[in-house]
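Everything on this sheet refers to the single structure shown next.
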Amino acid sequence: MSDKRKQPNLTIKLASALIHMAVPQDDGSIGYLFSTEEREVMKEMTAAQINSLFEFDHGVHHAIDGSIHPTNLTPRLILQHRLKTAIDKRIIAKTKRLAVAHAEHVARRAVGGSLAEVVANLAPKPSRSSWSKGRKLQSRPFQKREGSHGK
């Protein structure tokens, strides 16, 4: 006779894995993320409530071509994830700025051939103000000194 117990669903399995997640300790040993007392309190929680304590962090940032593959995701408590994300946002922003600058550079190279030609084409052209159109600059004669031209 086989035992026909109901198998745990993925939500329950995930909650169990998160509760028993091992973390490295300062002394080099491996410990649990939650203490025995905290795990006892979690017995009163549902699997969904336990899962809601966590967010999943991208190892390789999504903006930098990070995938949603299990090897690229790390479960973190919400506060830990938010602290890490605050630091990561600056890195992601810089990466995006560098990508845009690189794309612009590649586009300029494709248009002009050599970098010197591209720079020459991009140099701002001198513009004439509307008030000076058609007007010549009036020159003023040098002031003549008295007695200097052989009187």
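The values are calculated or read from the model by the stated rules, or taken from the named source; none is laboratory data. Nothing here was measured: the structure is a model prediction, and the numbers come from that model. Reconstructed Cβ throughout: ideal geometry from the backbone, glycine too, with neighbour counts over all protein chains shown. Surface accessibility is based on the protein's heavy atoms, side chains included, excluding ligands, DNA and RNA. Shrake-Rupley method; radii C 1.70, N 1.55, O 1.52, S 1.80 Å.
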Restricting to the stretch 18-55, count the residues that are assigned to a strand (DSSP E or B) and surrounded by 12 or more Cβ atoms within 10 Å (Cβ to Cβ).
4
Considering only residues that are touching a strand residue (DSSP E or B) at 6+ places or on another chain (Cβ under 8 Å) and farther than 21 Å from ARG82 by Cβ, which ones fall in the stretch 20-60?
HIS20, ALA22, PRO24, GLN25, ILE30, GLY31, TYR32, ARG39
Residue list for the stretch 67-104, filter: open to solvent by less than 100 Å² (accessible area, probe 1.4 Å) and either over 21 Å from GLU55 (Cα atoms) or basic (Lys, Arg) (or both):
ARG76, LYS84, ALA93, THR95, ALA99, VAL100, ALA101, ALA103, GLU104
Selection within the stretch 7-17 - open to solvent by less than 80 Å² (accessible area, probe 1.4 Å) and part of a helix (DSSP H, G or I):
THR11, LEU14, ALA15, SER16, ALA17
